[in-house]
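Enquirer: Okay, here's the structure, questions in a sec.
The values are calculated or read from the model by the stated rules, or taken from the named source; none is laboratory data. From a predicted model like this one, the values you see are computed outputs, not experimental measurements. A quick note on method: Cβ atoms are made from the backbone with ideal geometry, for glycine too, and the neighbour counts reach across all protein chains shown.
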There are 2 protein chains.
Amino acid sequence: MPDTAMLQRLRETLGEAGVLTDPERLAPYLVDHRDLVRGKAPAVLRPSSVAQVQAIMRLAAEYRVGIVPQAGNTSYCAGATPDASGGQFVLSLERLDKVRAVDPLDAAISVDSGVILQRAQEAAAAAGLYLPLSLGSEGSCRIGGVIGTNAGGLSVLRYGMTRDLVLGLEVVLADGTLVSDMKKLRKNNTGYDIRQNFIGAEGTLGVVTGAVLKLIPVPHRRATAWVELTAGAPLPEMLALVRRESSDLVSSFEFITARSLALVSGADGRLKSGSGGVILVELSSSSQHLPIEELLEGVMGEVVEAGWAEDVIIAQTEAQRADMWRIRETIPEGEKHFGGSVKHDISVPLGRTVDFLAAGGAAVAAYDPALELSVYGHVGDGNLHYNVLVPPGEDRLAFTDRIGRELAPALYDIAIGMGGTFSAEHGVGRLKRGLLQHYADPGRYRVLRGIKGLFDPHGVMNPGAMVDPAEGLIAD
Amino acid sequence: MPDTAMLQRLRETLGEAGVLTDPERLAPYLVDHRDLVRGKAPAVLRPSSVAQVQAIMRLAAEYRVGIVPQAGNTSYCAGATPDASGGQFVLSLERLDKVRAVDPLDAAISVDSGVILQRAQEAAAAAGLYLPLSLGSEGSCRIGGVIGTNAGGLSVLRYGMTRDLVLGLEVVLADGTLVSDMKKLRKNNTGYDIRQNFIGAEGTLGVVTGAVLKLIPVPHRRATAWVELTAGAPLPEMLALVRRESSDLVSSFEFITARSLALVSGADGRLKSGSGGVILVELSSSSQHLPIEELLEGVMGEVVEAGWAEDVIIAQTEAQRADMWRIRETIPEGEKHFGGSVKHDISVPLGRTVDFLAAGGAAVAAYDPALELSVYGHVGDGNLHYNVLVPPGEDRLAFTDRIGRELAPALYDIAIGMGGTFSAEHGVGRLKRGLLQHYADPGRYRVLRGIKGLFDPHGVMNPGAMVDPAEGLIAD
């Protein structure tokens with residue numbers, strides 16, 4: 001239990017607005033986005049400056065209490081939810097919400113880590129540039145969480161993961177030390193790239209307080225196709241062709257199965273599934289000299305010629321394009337409306353997606369032929385959202401638990417056996433700690449624990465997430 | 001001095017071919033690429049398997065002797081040269097030279113770290129794909145060194161640094177532990193991205209023995225322009241325009257000053273400098289449906305219209321294109337022929353390149369107006385090779401030393417003041433250790449030393465390069 005003296009000192013440092021203790025105000029901070037994990041906390045701390053974050057970490061070090069950094073609280077792995085002991089504080093980044101600078105010629109934006117992704121997107125747009133990070137939760141997730149989970153999303157194929165977009169980083173360590181590496185450089189080979197340790201670390205190594213992100217020219221010219229696949233269309237070969245013949249101007253290559261499509265209420269009847277599902281392809285360009293529609297037509301001509309499509313619909317209007325994307329983007333909502341789903345955030349090498357669909361489908365059928373799958377996702381990145389729908393009438397939490405114990409291991413084994421992973425973009429958090437320990441290469445797992453031990457020897461940084469610290473790495 | 005018993009055990013482990021001690025055969029391993037640093041070693045170790053690398057590191061840990069990993073020995077910062085004590089072994093990667101696999105549908109190549117870059121390029125090409133790493137030294141540098149220095153080169157603008165191309169990594173730690181993280185995944189959020197610590201670490205944290213690298217569709221359609229710049233042409237604005245209007249299909253945006261151009265013997269007389277120097281622009285594409293020449297013409301039309309070019313020559317034949325590139329690529333040779341140069345591998349934010357050229361030029365003139373500069377480089381990445389020519393008659397080493405002491409600090413101060421760096425792509429090695437300590441953010445420098453201490457507490461991994469280990473990072 002935290003010392004009341006500590007709480008008193010926190011109040012002095014952060015002011016009344018910086019320390020929430022009222023149970024009603026605490027509640028939303030203590031449950032994860034998917035309502036799977038509920039925790040307790042003596043208070044939610046809301047620093048309004050980097051210096052206040054440093055002060056919090058110095059107190060946490062002194063009193064040896066856990067600090068759970070929380071940004072937009074949209075983790076899919078309960079990465080930002082305190083445990084049930086009531087001894088861990090939540091550190092909310094929401095008041096660190098300034099866009100520090102947008103530099104058009106440097107093609108960079110500097111932000112506090114509490115800035116909501118959509119606000120950063122808007123600030124970039126106001127300067128005539130584009131922040132190529134696009135997530136379903138962009139209206140509520142915050143940059144600190146985006147960085148902490150190395151978020152993926154809808155633009156990874158073209159622009160990479162969050163890691164690929166971070167130029168600079170500012171971090172407060174477990175003892176309150178400020179590490180400033182906020183340069184806007186494309187090239188800077190001056191020692192270990194320590195930024196990378198914090199990206200995707202889910203706040204277990206330090207608190208990210210600021211970041212510089214890469215911007216790009218606005219890809220405002222888009223050409224979008226809805227491809228109704230033939231049965232057995234070879235997705236890896238199709239991806240290779242689309243990448244090559246679009247000269248990697250393909251920014252989305254999204255897979256939608258017929259079952260996932262059917263979950264979307266009010267889907268445009270003209271946009272139907274092929275026997276093999278659907279691929280939503282989008283090319284985008286920032287140039288007025290590049291005929292993007294003709295390019296898409298050329299690429300799609302080859303797809304049809306290869307016999308991979310039953311039909312291809314190329315969006316002729318912005319409204320039609322928006323319809324296609326609405327379908328893709330409302331699948332998670334459709335699943336929720338159906339009664340929920342158990343999510344498996346699988347990724348395999350690009351060449352193995354079809355193999356995984358076959359083997360995964362067989363494993364699910366073997367477990368229970370009545371189960372229904374909703375499979376869709378960023379197949380252009382080798383990433384499938386492989387979700388099992390909660391059967392009508394079953395309790396969502398109990399079903400989630402059962403599938404996690406009885407079916408998921410088989411699916412993960414298949415993915416790992418293909419050189420894949422059990423978490424492509426959602427992270428580890430509290431829900432996948434055991435999977436990490438089970439599947440990680442032993443040498444790599446030792447390094448993970450060693451790094452945690454270096455940055456957080458006393459276990460105050462988001463304890464319970466990812467891994468526990470180990471003392472040292474190399475024997476004496 | 002290493003124990004003779006250790007040498008004996010190394011011979012037993014590696015065989016006679018694996019332990020070179022003949023002074024004549026040792027010599028080339030003991031001097032750096034630029035002939036600035038000469039070291040000594042009791043032997044050069046040439047393991048032919050990963051298990052042998054592990055055995056070497058176990059022995060090094062036991063006897064507490066330094067191991068200096070060396071790949072192609074092309075470091076510009078003496079990152080792979082042992083010290084003069086005669087107590088450090090060179091570990092050459094040259095016999096770890098197998099291309100393990102090329103997977104076209106996964107768009108990935110797996111290699112031993114001793115593979116020469118050009119061989120990896122050729123293996124990718126044989127599979128119909130392209131490895132977008134292009135360096136002046138590609139015929140002799142090896143993948144382990146490319147990764148150890150996070151090499152940049154000629155394609156960074158489009159495809160990123162080496163870091164951006166590494167999918168998987170295999171590393172032997174200081175105690176012989178094997179860490180295998182050789183996945184080919186685009187997305188894998190399962191714990192800290194420990195690969196990143198070894199990329200750019202110059203062998204100071206472990207020995208990289210294998211890697212998986214990203215491949216892309218072959219950009220075999222190229223369109224190239226030689227832009228003779230007007231005086232004062234704003235390079236950042238021009239870069240922004242070229243990026244936008246080429247939709248980032250620009251793969252090179254290289255700056256050449258008139259003085260650098262004049263160093264190249266036999267330069268095509270038609271390819272001359274404008275008042276403001278030259279920009280070599282290349283667009284490239286893998287698509288047969290994309291009219292790349294028309295795209296370049298459209299972009300160049302805007303450059304001319306903006307008043308930034310005195311003339312633009314678009315290569316009409318492959319031979320003309322090769323001429324343009326030969327000029328750019330033989331500048332280092334031209335400098336050598338002139339009598340050598342003192343190199344400053346500067347980078348600044350994209351928007352500050354012209355500012356740096358002005359301020360840097362003033363600083364050089366203030367120091368000695370007779371000095372001549374050869375300035376060229378990857379200005380599309382904010383990276384300038386800012387080189388001072390060795391005046392005829394002066395001793396190269398003495399001049400290098402004097403400039404390093406008397407002029408370089410002013411240049412680096414200017415770059416750092418603009419948010420830039422003293423090492424864009426060459427690294428730190430042994431030559432820039434002092435600069436790293438001087439310029440690094442104090443918090444960041446503490447983390448650098450802490451990481452070194454975690455992976456190499458006994459200082460056996462390339463001791464003398466980068467930083468020295470510190471014990472711990474977070475106070476008790």
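Enquirer: Name, by its number, the condition in (1) within 14 Å of chain A (Cβ to nearest Cβ); (2) closer than 25 Å to B:Asp35 by Cβ; (3) hydroxyl-bearing (Ser, Thr, Tyr) that does not hold for B:Thr353.
Expert: Among (1) within 14 Å of chain A (Cβ to nearest Cβ); (2) closer than 25 Å to B:Asp35 by Cβ; (3) hydroxyl-bearing (Ser, Thr, Tyr), B:Thr353 violates only (2).
Enquirer: Considering only the stretch A:93-123, state which residues are within 14 Å of chain B (Cβ to nearest Cβ) and either part of a helix (DSSP H, G or I) or aliphatic (A, V, I, L, M) (or both). Step through it out loud before you land on a result.
Expert: To start, the set of residues in the stretch A:93-123 that are within 14 Å of chain B (Cβ to nearest Cβ) comprises A:100-110.
Correct list: A:Ala101, A:Val102, A:Leu105, A:Ala107, A:Ala108, A:Ile109.
Enquirer: Kindly check whether there is at least one residue in the stretch B:348-362 that is part of a strand (DSSP E or B) and touching a residue at least 60 places away in the same chain (Cβ under 8 Å).
Expert: no
Enquirer: In the stretch B:414-430, what residues are among the hydrophobic types (A, V, I, L, M, F, W, C) and either touching a residue at least 60 places away in the same chain (Cβ under 8 Å) or away from chain A (no Cβ under 12 Å) (or both)?
Expert: Of the stretch B:414-430, the ones among the hydrophobic types (A, V, I, L, M, F, W, C) are B:414-416, B:418, B:422, B:424, B:428.
B:Ile414, B:Ala415, B:Met418, B:Phe422, B:Ala424, B:Val428 - these are the residues of the stretch B:414-430 that are among the hydrophobic types (A, V, I, L, M, F, W, C) and either touching a residue at least 60 places away in the same chain (Cβ under 8 Å) or away from chain A (no Cβ under 12 Å) (or both).
Enquirer: Mind checking which residues of the stretch A:371-405 are among the acidic types (Asp, Glu) and closer than 30 Å to B:Tyr192 by Cβ?
Expert: Looking only at the stretch A:371-405, we keep the residues that are among the acidic types (Asp, Glu), and these are A:372, A:381, A:394-395, A:401.
A:Asp381, A:Asp401, listed by residue number.
Enquirer: Something else about it: Can you confirm whether B:Leu411 is crowded, with 18+ Cβ neighbours inside 10 Å, within 11 Å of chain A (Cβ to nearest Cβ), touching a residue at least 12 places away in the same chain (Cβ under 8 Å) and in a helix (DSSP H, G or I)?
Expert: Numbers: crowded, with 18+ Cβ neighbours inside 10 Å: yes; within 11 Å of chain A (Cβ to nearest Cβ): no; touching a residue at least 12 places away in the same chain (Cβ under 8 Å): yes; in a helix (DSSP H, G or I): yes.
Here the answer is no, as B:Leu411 does not meet what is asked.
Enquirer: Look through A:Leu357, A:Leu389, A:Leu350 and report the one residue that is crowded, with 20+ Cβ neighbours inside 10 Å, in contact with a helix residue (DSSP H, G or I) (Cβ under 8 Å, 6 or more places away or on another chain) and farther than 14 Å from A:Thr421 by Cβ. Give the steps one after another, and end with the answer.
Expert: Details: A:Leu357 fails: in contact with a helix residue (DSSP H, G or I) (Cβ under 8 Å, 6 or more places away or on another chain); A:Leu350 fails: farther than 14 Å from A:Thr421 by Cβ.
Selected residue: A:Leu389, the only one of A:Leu357, A:Leu389, A:Leu350 that is crowded, with 20+ Cβ neighbours inside 10 Å, in contact with a helix residue (DSSP H, G or I) (Cβ under 8 Å, 6 or more places away or on another chain) and farther than 14 Å from A:Thr421 by Cβ.
Enquirer: Looking at A:Arg449, A:Arg433, can you tell me which residue is more than 7 Å from every other protein chain (Cβ to nearest Cβ), under 20 Å from the mean Cα position of the chain (by Cα), free of Cβ contacts under 8 Å to residues at least 60 places away in the same chain and closer than 30 Å to B:Gly453 by Cα? Give the steps one after another, and end with the answer.
Expert: Values: A:Arg449 fails: under 20 Å from the mean Cα position of the chain (by Cα).
Residue meeting the stated conditions: A:Arg433.
Enquirer: Looking at the stretch B:180-236, which of the residues that are in contact with a Pro (Cβ under 6 Å, 6 or more places away or on another chain) and buried (at least 24 other Cβ atoms within 10 Å of the Cβ) is nearest to B:Gln52 (Cα to Cα)?
Expert: So the first thing to find is which residues in the stretch B:180-236 are in contact with a Pro (Cβ under 6 Å, 6 or more places away or on another chain), and the list is B:184, B:203, B:207, B:216.
From what's left, buried (at least 24 other Cβ atoms within 10 Å of the Cβ): B:184, B:203, B:207.
Working: B:Lys184: 25, B:Gly203: 17, B:Val207: 12 Å.
Per the stated criteria, the residue is B:Val207.
Enquirer: Out of the stretch B:56-70, which residues are among the β-branched types (Val, Ile, Thr) and either farther than 19 Å from B:Met466 by Cα or outside the structural domain of B:Thr81 (by TED's automatic domain parsing) (or both)? Give the derivation first.
Expert: Filtering the stretch B:56-70 for residues among the β-branched types (Val, Ile, Thr) gives B:56, B:65, B:67-68.
Within the stretch B:56-70, B:Ile56 is the sole residue that qualifies.
Enquirer: So which residues in the stretch B:125-142 are more than 23 Å from A:Met161 (Cβ to Cβ) and either in a helix (DSSP H, G or I) or hydrophobic (A, V, I, L, M, F, W, C) (or both)? It would help to see each step written out before you state the result.
Expert: Kept after step one, since they are more than 23 Å from A:Met161 (Cβ to Cβ), are these residues of the stretch B:125-142: B:125-128, B:134-142.
Matches in the stretch B:125-142: B:Ala125, B:Ala126, B:Ala127, B:Leu135, B:Cys141.
Enquirer: Of B:Tyr192, B:Tyr159, which residue is at the interface with chain A (Cβ under 7 Å from one of its Cβ atoms) and among the hydroxyl-bearing types (Ser, Thr, Tyr)? Walk me through it before giving the result.
Expert: On the way: B:Tyr159 fails: at the interface with chain A (Cβ under 7 Å from one of its Cβ atoms).
Residue meeting the stated conditions: B:Tyr192.
Enquirer: Another question, then. Among (1) away from chain B (no Cβ under 11 Å); (2) of a type outside the set (Lys, Arg); (3) in a strand (DSSP E or B), there is one condition A:Gly145 misses while meeting the rest; what is its number?
Expert: Unmet condition: (3).
Enquirer: Facing another protein chain (nearest Cβ under 7 Å), out of contact with any Cys (no Cβ under 8 Å at 6 or more places or on another chain), at pLDDT 95 or above and under 30 Å from B:Pro332 (Cα atoms): is that true of B:Gly200 in this structure? Break it down stepwise before answering.
Expert: Values: facing another protein chain (nearest Cβ under 7 Å): yes; out of contact with any Cys (no Cβ under 8 Å at 6 or more places or on another chain): yes; at pLDDT 95 or above: yes; under 30 Å from B:Pro332 (Cα atoms): yes.
It is true that B:Gly200 is facing another protein chain (nearest Cβ under 7 Å), out of contact with any Cys (no Cβ under 8 Å at 6 or more places or on another chain), at pLDDT 95 or above and under 30 Å from B:Pro332 (Cα atoms).
Enquirer: Scanning the stretch A:211-255 for residues that are outside any strand (DSSP E or B) and away from every other protein chain (no Cβ under 11 Å), which turns out nearest to A:Tyr130 (Cα to Cα)?
Expert: Taking the stretch A:211-255 first, the residues outside any strand (DSSP E or B) are A:215, A:218-220, A:230-249.
Pick out the ones that are also away from every other protein chain (no Cβ under 11 Å) and you get A:230-233.
Numbers: A:Thr230: 35, A:Ala231: 37, A:Gly232: 37, A:Ala233: 34 Å.
Filtering the stretch A:211-255 for residues that are outside any strand (DSSP E or B) and away from every other protein chain (no Cβ under 11 Å), the one nearest to A:Tyr130 (Cα to Cα) comes out as A:Ala233.
Enquirer: Please state which of the following conditions B:Asp175 fails to meet, knowing it meets all the rest: (1) buried (at least 22 other Cβ atoms within 10 Å of the Cβ); (2) within 7 Å of another protein chain (Cβ to nearest Cβ); (3) not in a helix (DSSP H, G or I).
Expert: B:Asp175 satisfies all of (1) buried (at least 22 other Cβ atoms within 10 Å of the Cβ); (2) within 7 Å of another protein chain (Cβ to nearest Cβ); (3) not in a helix (DSSP H, G or I) except (1).
Enquirer: Follow-up. I'd like to verify a number: residues in the stretch A:305-339 that are away from chain B (no Cβ under 14 Å) and in a helix (DSSP H, G or I), how many?
Expert: So the count comes out to 20.
Enquirer: Residues to consider are A:Leu373, A:Leu397; find the one that is surrounded by fewer than 23 Cβ atoms within 10 Å (Cβ to Cβ), at pLDDT below 95 and among the hydrophobic types (A, V, I, L, M, F, W, C). Explain how you work it out, then say what you get.
Expert: Details: A:Leu373 fails: at pLDDT below 95.
After ruling out the rest, the residue left standing is A:Leu397.
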